[in-house]
Structure formats: structure tokens, C-alpha cells
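Below: the structure, in C-alpha cells.
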Amino acid sequence: MGLIKKLLHLKKRTIEPEYETGDWNEIVYNRDDLQIKDRKQRREYVKGCLEQIAEASKELENLQFEYNMVTSYLKDMEEIEALPPEPKAALEDSARKIEALELQQSGYKERKNRMDEEKFRQMERLEEEVQEGLEKLNQAEEYQELVKRDLRKLDGEKQAYFFRKRELLRVIEDTRSMTIVCTAALVVCILILLVLQFGFRMNTKLGYLAAAAVGAATITVIFTKHNDGVRELKQVENGIGRIIRLQNTVKIRYVNNTHLLDYLYMKYNVSSAGELGKSWMQYMEEKEERKNYQDAERELDICQKELLHILRRYQVKDPMIWLHQTQAILDKKEMVEIRHNLIIRRQSLRRRMDYNREVIAGKAQAEIKDLVDKYPEYAKEILDIVAQYASIEKEQQHN
């Protein structure tokens with residue numbers, strides 16, 4: 001009877017709604033399926049948060065370097081615009097001569113299928129970065145496909161787990177109903193046997209034995225099926241929690257890689273690595289052609305040295321880049337356009353830095369703090385994990 005009572009009073013469980021699968025840019029911290037009392041799950045959950053913080057920190061270091069470089073370009077533009085009238089006139093004169101000499105060497109423009117000037121200038125400014133940028137783009141595009149494949153796979157696994165969870169909840173509910181039905185049937189049989197025994201003076205001993213045997217066998221089968229369902233349900237719920245944690249990690253990589261691709265496409269003004277590779281090949285051919293039109297190379301070199309001398313004298317940190325941006329020195333609109341492009345790049349970098357600092361690292365830190373606040377009995381253990389992880393990270397940085 002204790003077994004029957006346990007089954008009769010089994011708490012009914014509700015089916016949880018399915019998780020959203022379309023938004024891969026959102027970082028989710030869901031503790032609904034986290035067994036906080038389970039030491040292994042607890043440690044894995046905290047380590048997952050710490051790994052997200054570490055990945056955000058690594059991304060921030062890379063972004064900070066690019067951000068400082070763009071900021072340096074903007075400061076150089078301010079230095080050039082703030083030049084006194086005399087050196088500014090000399091700078092413009094050098095820039096004008098450079099423009100004229102470069103135009104003189106541009107006889108190749110009559111050649112068909114040539115690369116347009118704007119695209120050539122862009123590739124020329126980015127020449128030292130294109131090979132690295134092309135490699136980064138190829139790697140990022142390949143990695144994007146891998147991450148998407150992982151996310152689709154995880155989404156499929158999660159849906160399969162939810163489907164199995166619904167089946168198990170139905171099995172558990174069915175065993176509960178079957179227990180009630182079997183108990184009721186057993187009671188009815190016993191009542192009939194009592195009537196036959198005392199009302200009709202019949203020997204019902206075998207009937208009692210048969211009813212008891214059938215009832216015991218049926219309840220044993222139901223109880224076994226019920227326990228199997230409960231045990232498998234726990235495993236399925238653990239699997240759902242594990243997949244959600246994996247999804248969070250992959251989502252961070254997806255978001256950062258998407259931002260990286262968007263930034264590289266904007267930086268190189270292309271829509272794919274293939275387009276950049278094609279532009280790079282065209283540029284290399286164009287550059288080779290231009291080498292045949294260097295009759296005024298010596299005079300051009302002198303003018304360029306004059307321009308660099310002026311820029312270095314007035315503390316422009318990266319004067320070399322202005323050799324390829326003389327039009328900006330002569331045309332304020334061009335200068336404004338370049339500054340606008342740099343500001344957009346810097347804003348994009350700042351948004352990515354804020355996202356990693358506030359959304360990824362911030363949410364992970366808040367999640368750990370919330371765990372410490374809500375579960376003070378595990379606070380020391382959680383803080384020890386944090387300290388241990390920080391020590392490992394520090395040691396790796398030294399190495």
C-alpha cells in the first residue's frame with residue numbers, strides 16, 4: 001500500500017515551452033534545468049561563465065589595439081588641420097606636386113579593363129593589411145559556417161530532447177492513471193470475492209490468491225515503467241541544461257565572428273573574401289603596370305620626402321599613410337569623408353568592445369554574483385573556482 005500511495009500522490013509535472021531557436025545573438029542564462037545541488041553541474045555552470053568572461057577579455061584586447069590605431073589616425077588628421085598657415089601651404093604645395101606627378105605617370109589609364117582609381121587607392125592604403133585581412137576573412141567565413149552548423153546541430157538535439165521529455169511526462173502521467181485504474185479494479189475484485197464468500201458461502205481462496213498475484217504483477221510492471229521514466233527524465237533534463245550551456249558558448253563565438261566579418265567587410269569595402277581576393281589580384285597586376293610609368297620617380301620621391309618632413313615636424317604619428325591620401329590634404333570634402341569613415345570604424349569597434357565588456361562579461365559576472373547571493377551555502381566554493389580560474393589565466397598569460 002505504501003507503493004500505491006507513493007504513485008497516487010505523485011506530483012504532476014508540466015511540459016515546459018520550447019526555447020527560441022532563431023535568435024543566435026542573445027546570450028541566455030537559464031537555470032531552470034540546473035541542478036544546483038549537483039556539485040558537478042554547479043562547477044560546470046560557474047566554469048562556463050568564467051570561460052565566457054575570458055573569451056570576452058581576449059576579444060577586448062584585440063579590439064583595443066585596432067581602436068587605438070583608428071584613434072591615432074583621427075588625431076593625425078587633427079594635427080594636419082591645425083597646422084600654421086606657412087607649413088600648411090608648403091604641405092599643400094607638396095601634395096599638389098605629388099598629385100600632378102602621379103597623374104603624369106597614369107598613362108596606363110588608357111588601358112582597357114583597368115582597375116578604377118578609387119579602388120586602387122583603397123587597396124593601396126590597405127596594401128600591408130590585405131594579405132592578413134584576406135586570411136582573416138577566409139578563416140572567419142569558414143568558421144561562420146562551422147558555427148552555424150554547430151548551432152543547427154545543437155538546435156536539433158535540443159528539440160529531440162524536448163520531444164523525448166514530453167513523451168516521458170506522458171508516460172509518467174499514464175502510469176499514474178494506470179495505477180488508479182488497477183487499484184480500483186483490485187478493490188472491485190476483492191468486493192466481489194467477499195460477496196461470493198459470505199453471501200453465497202463459496203470457497204474464494206483461489207480467487208483472493210489470483211487477484212493478489214495479478215494485482216502485484218500489474219503494479220510491479222507499472223512501478224518499473226514509472227521509475228524508468230523518472231530516471232530517464234532526469235537524464236533528459238540534464239542534457240537540456242548541457243545543450244543550453246553549449247549554445248551560450250557557441251552563440252558568443254557566433255556573435256563575435258559575425259561582428260568581425262561585418263567589420264572586415266566594411267573595412268575592405270567588400271562583400272566576401274572572394275571579392276577581396278579578386279580585387280587584390282587586380283591591384284597587384286595594376287601595380288606592376290604602373291611600374292612602367294615611373295619616369296618622374298626621382299622628383300616624386302623628393303616631393304614625398306618634403307611632405308613627410310613637414311608631417312613629422314608637426315608630430316603626425318603615421319605620416320606615411322598621407323602619401324596615398326594627398327587628395328584629402330587638398331580637398332576638405334575628402335578629408336571629411338575619410339574622417340567619417342574612421343569615426344564609423346571606431347564606433348563599430350566601440351560597440352563591439354561595449355558588447356563584450358557589458359553584455360558577455362557583464363552578464364557572466366552578474367550571473368556568478370547572483371549565484372553567490374542566492375545560494376550562500378555554495379558561495380565559498382564558487383569564489384574558490386573563480387580564484388582558481390583567475391590564477392590559471394594569469395599563469396597562462398605569463399607563459
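We did not get these values from a lab; they are worked out from the coordinates using the rules stated. If you're wondering where the values come from, they're calculated on a predicted model, not measured in any experiment. Positions of Cβ are backbone-derived with ideal geometry, glycine not excepted, and every protein chain shown enters the neighbour counts.
How would you classify the stretch 250-319 from its alpha-carbon gyration tensor, with a ≥ b ≥ c the square roots of the eigenvalues: rounded for a/c under 1.5, else prolate if a/b is greater than b/c, otherwise oblate?
oblate
Lys/Arg Cβ at +1, Asp/Glu Cβ at -1, dipole of the stretch 147-211 taken about the Cα centre: which of LEU206, LEU151, LEU191 is farthest positive-ward?
LEU151
Of GLU66, GLU79, GLU135, how do they rank once you tally other Cβ atoms within 10 Å and put the fewest first?
GLU135, GLU79, GLU66
Testing the spin-label approximation: label points 7 Å from Cα along Cα→Cβ at GLN347 and ALA213. State their distance in nm.
8.5
Give, to the nearest whole percent, the P(r) tail of the chain beyond 34 angstrom, counting all Cα pairs.
Pairs farther apart than 34 Å: 57 percent.
Exposure proxy check: VAL236, VAL221 ranked by fewest other beta carbons within 10 Å?
Ranked by crowding around the Cβ, least crowded first: VAL221, VAL236.
Relative contact order for the stretch 110-293: what is it in percent, counting Cα pairs under 8 Å that are at least 6 residues apart?
Value for the stretch 110-293: 44 percent.
Just rank SER391, SER94, SER72, fewest to most, by other beta-carbon atoms within 10 angstrom.
Lowest count first: SER391, SER72, SER94.
Once a ≥ b ≥ c are taken as the square roots of the eigenvalues of the Cα gyration tensor of the stretch 110-293, is the result rounded (a/c under 1.5), prolate (a/b larger than b/c) or oblate (a/b not larger than b/c)?
Judged from the Cα gyration tensor, the stretch 110-293 comes out prolate (a/c at least 1.5, a/b above b/c).
Pairs to check: LYS287/LYS317; LYS58/LYS305; LYS119/LYS251; LYS58/LYS119; LYS153/LYS278. Give those whose C-alpha atoms are more than 29 Å from each other in this structure.
LYS58/LYS305; LYS119/LYS251; LYS58/LYS119; LYS153/LYS278
Quote the charge dipole size of the stretch 298-390 about the Cα centre in Debye, to the nearest 20; the model charges only the Cβ of Lys and Arg (+1) and of Asp and Glu (-1).
The dipole magnitude comes to about 460 debye.
Evaluate the distance, in nm, between pseudo-label points positioned 7 Å from the Cα of ARG114 and of GLU132 along their respective Cα→Cβ axes.
So the label points at ARG114 and GLU132 sit 3.1 nm apart.
Just in the stretch 302-357: which chymotrypsin sites (Phe, Trp or Tyr not before Pro) are loop by DSSP and have at most 12 other Cβ atoms within 10 Å?
none
Where does the chain land at 222 nm, in deg cm²/dmol rounded to the nearest 500, when only DSSP H runs of n ≥ 4 count, each adding -39500 (n - 2.57), divided by all residues?
-27500 deg cm²/dmol
Under a crude label model (7 Å from the Cα following the beta-carbon direction), how far is ARG290 from GLU377 in nanometres?
Spacing of the two 7 Å Cα→Cβ label points: 7.2 nm.
Return the FRET efficiency for the residue pair MET281, GLU92: r is the Cβ-Cβ distance, R0 is 25 Å, and the value is rounded to the nearest 0.05.
Computed FRET efficiency for MET281 and GLU92 comes out at 0.10.
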